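Below is a structure I'd like to ask you about.
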Amino acid sequence: MTTDSLPVRTDTPVRTAPDKPARRGGRRLLRERAGRTHHAGPLAYVLLAIMAILSIFPLYWTMVAASTDNTRVSQTPPPFLPGPNLFSNLARAWDEAAMGKAMINSTIVAGVIALSTVFFATLAGFAFAKLRFKGRNILLMLVIGTMMVPPQLGVVPLFMMMSELGWSQQLPAVIFPTLVSAVGVFFMRQYLSEALPDELVEAARVDGAHSLRIFWSIVLPVARPAMAVLFMITFVHAWNDFFWPFVVLDMTNPTVPVALTQLSAGYVRDQSLIMAGALLGTLPLLAMFIVFGRQIVSGIMAGAVKG
């Protein structure tokens, strides 16, 4: 049989490459769809409004209670509109609770704890995420295991240790036991495991960079979004911490939560005065979030895109 007698199919479609204008148009359409803003429906706006009201109401009620007197706060139903005594109650709470010194002490304690936690947690998180050394998994499990131990179990030996060091009734007794947290180490380890490519670390190794150089030049820029979030969470937690500062400090050198206990002394508690003090203790946190909230949120979104 010769090749001339073989049947030839003429209905087979011929694949041709799309022309360049059509290809460019498809890419342009994909970019437009990717950058298109998705509008939420009415139900989403209703849910967001409800969540916003529930989140703002405690702060609003604190302001309302701080602006009235104790008799008006105790009435049923309670007031829901601000009264005329806000600034006078704030001034009384500032004087009676020594809020000036307490604000300075809380700023020092929360700032030092937050900075040290961010630095040491990032350093340890980098070691657990990207460095290979013997016993790494065992050490990580020990760090995670400390999260399951109630902190109240270590109060007595920790207080004895602070007394032996001569730090009782001083701010170092509050700062040094909380310079780093297991939660921060685990958080940074999880973030760096995903956000920091192994190839980037290996390339720095090939270029002759040692571990500290890699940490300073590569890890810190990559971990900046997570560091901002960890700083915010740690600062708020240290600012609001009451139990350990109340144990180790006295009223002559208090933090803000410890100073607020002076407002509840006596047989009859002035609820409006207590709320005024609570409002004073909350204002610095609100101011910090207003100033740095945009940077923190943008950092979180940048880290999510990179991840």
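Look at region 53-83 and say how many of its residues are open to solvent by less than 80 Å² (accessible area, probe 1.4 Å) and farther than 18 Å from GLY277 by Cβ.
So the answer is 2.
Give the residue, chosen from ARG205, ARG189, ARG213, ARG224, that is within 17 Å of the chain's Cα centre (by Cα), among the basic types (Lys, Arg) and either over 26 Å from PHE289 (Cβ atoms) or open to solvent by less than 80 Å² (accessible area, probe 1.4 Å) (or both).
Numbers: ARG205 fails: within 17 Å of the chain's Cα centre (by Cα); ARG213 fails: within 17 Å of the chain's Cα centre (by Cα); ARG224 fails: either over 26 Å from PHE289 (Cβ atoms) or open to solvent by less than 80 Å² (accessible area, probe 1.4 Å) (or both).
It is ARG189.
Criterion first (within 31 Å of the chain's Cα centre (by Cα), surrounded by 10 or more Cβ atoms within 10 Å (Cβ to Cβ) and at pLDDT 85 or above) does LEU43 satisfy it? Show your work before the answer.
Working: within 31 Å of the chain's Cα centre (by Cα): yes; surrounded by 10 or more Cβ atoms within 10 Å (Cβ to Cβ): no; at pLDDT 85 or above: yes.
Spelling it out, it is not the case that LEU43 is within 31 Å of the chain's Cα centre (by Cα), surrounded by 10 or more Cβ atoms within 10 Å (Cβ to Cβ) and at pLDDT 85 or above.
Of all residues in region 218-252, count the ones that are among the polar types (S, T, N, Q) and at pLDDT 90 or above.
Kept after step one, since they are among the polar types (S, T, N, Q), are these residues of region 218-252: 234, 240, 252.
The next check asks that each one be at pLDDT 90 or above; those that pass are 234, 240.
Total satisfying the criteria: 2.
Among the candidates ALA17, ALA91, ALA49, single out the residue that is among the hydrophobic types (A, V, I, L, M, F, W, C) and modelled with pLDDT under 80. Let's see the steps before the verdict.
Details: ALA91 fails: modelled with pLDDT under 80; ALA49 fails: modelled with pLDDT under 80.
Criteria check complete, one pass: ALA17.
Going through region 38-83 one residue at a time, which ones are within 22 Å of LEU283 (Cα to Cα), out of contact with any Ser or Thr (no Cβ under 6 Å at 6 or more places or on another chain) and β-branched (Val, Ile, Thr)?
ILE53, ILE56, THR62, VAL64
Follow-up question, since we're still on this one. Quick check on this structure: which one of THR107, THR68 is of a type in the set (S, T, N, Q) and at pLDDT 90 or above? Spell out the reasoning first.
On the way: THR68 fails: at pLDDT 90 or above.
None of the others qualify; the one that does is THR107.
Next question. If you take the residues in region 212-257 that are among the aromatic types (Phe, Trp, Tyr) and touching a helix residue (DSSP H, G or I) at 6+ places or on another chain (Cβ under 7 Å), which one is nearest to ASP198 (Cα to Cα)?
By that ranking, first place goes to PHE215.
Can you spot a residue in region 87-99 that is part of a helix (DSSP H, G or I) and under 26 Å from the mean Cα position of the chain (by Cα)?
Filtering region 87-99 down to residues part of a helix (DSSP H, G or I) leaves 87-96, 99.
Filter once more, so that each one left must be under 26 Å from the mean Cα position of the chain (by Cα): 99.
Yes, region 87-99 contains at least one residue that is part of a helix (DSSP H, G or I) and under 26 Å from the mean Cα position of the chain (by Cα).
From the list ILE104, ILE108, ILE138, which one is closer than 30 Å to LEU279 by Cβ and open to solvent by 80 Å² or more (accessible area, probe 1.4 Å)?
ILE104
Now a separate question. For region 112-124, does any single residue satisfy the condition of being on the phi < 0 side of the Ramachandran plot and not in a helix (DSSP H, G or I)?
Scanning region 112-124 turns up no residue that is on the phi < 0 side of the Ramachandran plot and not in a helix (DSSP H, G or I).
The values are calculated or read from the model by the stated rules, or taken from the named source; none is laboratory data. This one's a predicted model, so the numbers in the text were calculated from it and none came from an experiment. No Cβ is skipped: glycine too gets one built from the backbone with ideal geometry, and neighbour counts run over all protein chains shown. Only protein heavy atoms, including side chains, enter the accessible area calculation; ligands, DNA and RNA are left aside. Shrake-Rupley method; radii C 1.70, N 1.55, O 1.52, S 1.80 Å.
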